[in-house]
1. Determine whether the range 113-123 contains at least one residue that is over 22 Å from Tyr241 (Cβ atoms), at pLDDT 95 or above, touching a Ser or Thr at 6+ places or on another chain (Cβ under 9 Å) and not in a helix (DSSP H, G or I).
2. Residue check: is Ser207 among the small types (Gly, Ala, Ser) and either surrounded by 17 or more Cβ atoms within 10 Å (Cβ to Cβ) or at pLDDT below 95 (or both)?
3. Does the range 212-225 hold any residues that are open to solvent by less than 40 Å² (accessible area, probe 1.4 Å) and of a type outside the set (A, V, I, L, M), and which are they?
4. Would it be correct to say that Asp239 is over 18 Å from Phe92 (Cβ atoms) and of a type in the set (Asp, Glu)?
5. Looking at Gln228, Gln185, Gln158, which one is of a type outside the set (A, V, I, L, M), farther than 26 Å from Leu130 by Cα, touching a residue at least 24 places away in the same chain (Cβ under 8 Å) and open to solvent by 10 Å² or more (accessible area, probe 1.4 Å)?
6. Would you say Pro271 is surrounded by fewer than 20 Cβ atoms within 10 Å (Cβ to Cβ) and either in a helix (DSSP H, G or I) or of a type in the set (S, T, N, Q) (or both)?
7. Looking at the structure I just gave you, is Gly193 over 27 Å from Lys86 (Cα atoms), out of contact with any Pro (no Cβ under 8 Å at 6 or more places or on another chain) and either in a helix (DSSP H, G or I) or open to solvent by 60 Å² or more (accessible area, probe 1.4 Å) (or both)?
8. Determine which member of the set Thr244, Thr264 is among the hydroxyl-bearing types (Ser, Thr, Tyr), open to solvent by less than 20 Å² (accessible area, probe 1.4 Å) and over 19 Å from Asp212 (Cβ atoms).
Amino acid sequence: MIAQKAILMLSPAVRPTRPTPRVLARRHRAVTAALCLVTGTALLTGLTGCGQERVTPAQARAQAGGSAPAAAGDTGEAPVDCRKAKCIALTFDAGPGPHTAALLDILKAKKLHATFFLLGKNHVLAHPDLVRRAAAEGHELGNHTWTHPRLDDLTPEQIRDELDRTQDAIKAITGKAPTLMRPPQGGTNETVGSVARSLGLSEVLWSATASDYATTDTRLIGDRILDQATRDGIILLHDIYDGTVPAVPRIIDELRARGYTFVTVPQLLAPASPRPGTVYRP
């Protein structure tokens with residue numbers, strides 16, 4: 001019955017008008033979920049068309065095996081092995097913007113590296129010096145699309161355009177294209193994963209967020225992150241909102257006092273390397 005309903009959703013007899021790309025994308029998600037349910041296939045296995053491969057940092061490290069990674073930690077002095085250390089990654093979305101320079105000053109003073117998922121059209125193009133500075137100071141730069149749409153509402157061609165334009169813009173400034181991307185609002189599916197894979201991009205989700213787009217209360221932003229912090233966590237903040245950057249020093253200091261070591265997302269996964277098309281989420 002579920003499979004029949006899934007097929008009828010795409011039937012011209014039931015849908016005589018031409019659907020928009022967004023409607024088609026939503027129908028595809030519903031049909032895939034229904035058919036996977038019928039066949040008993042888990043949606044997150046990554047082994048069939050019924051789901052993307054989703055991997056935790058711990059799983060990535062375990063799958064890689066090998067010796068400890070030779071990657072500098074938050075002090076810049078010694079390699080960090082997140083199989084042993086209590087690691088956490090600090091990430092920022094949708095910049096650069098007016099507050100990014102102050103954030104880079106804080107990170108430099110605190111001697112740690114973060115991961116920035118950059119927005120293309122009105123951010124990377126508007127602040128090339130900040131993009132260049134972040135790369136030069138050792139931060140990891142990722143792709144957060146060109147105009148911030150939900151990628152799982154787009155056609156494959158539209159997804160590619162959103163990612164490809166930002167890839168090109170960052171590479172033109174830094175000489176290096178990103179290997180990581182974060183889908184806006186976490187909106188991803190098989191199609192997004194396929195396009196990301198073709199562009200050499202891994203997807204990075206998160207485990208802690210302050211919803212800082214909805215508040216300018218710096219204390220509240222800090223409290224939310226500190227309450228959600230866990231080992232192998234990936235913190236999501238935005239360096240474009242007024243209350244966020246002032247919350248960062250307290251977040252860093254209190255988490256370090258709890259024994260956390262700050263790393264970039266690739267360092268969190270090491271000795272594994274991010275695999276294109278894979279979704280990483282704690």
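1. no
2. The answer is yes for Ser207.
3. Asp212, Thr215, Gly222
4. Considered against the rule, which asks whether it is over 18 Å from Phe92 (Cβ atoms) and of a type in the set (Asp, Glu), Asp239 comes out as no.
5. After ruling out the rest, the residue left standing is Gln158.
6. no
7. Here the answer is yes, as Gly193 does meet what is asked.
8. When all the criteria are applied, what remains is Thr264.
The values are calculated or read from the model by the stated rules, or taken from the named source; none is laboratory data. Just so it is clear, the structure is predicted and the values come from calculations on it, not from any experiment. FYI the Cβ positions are ideal-geometry reconstructions off the backbone, even for glycines, and counts take in every protein chain you see. Remember, those area values only see protein heavy atoms, side chains included, never the ligands or the DNA or RNA. Shrake-Rupley method; radii C 1.70, N 1.55, O 1.52, S 1.80 Å.
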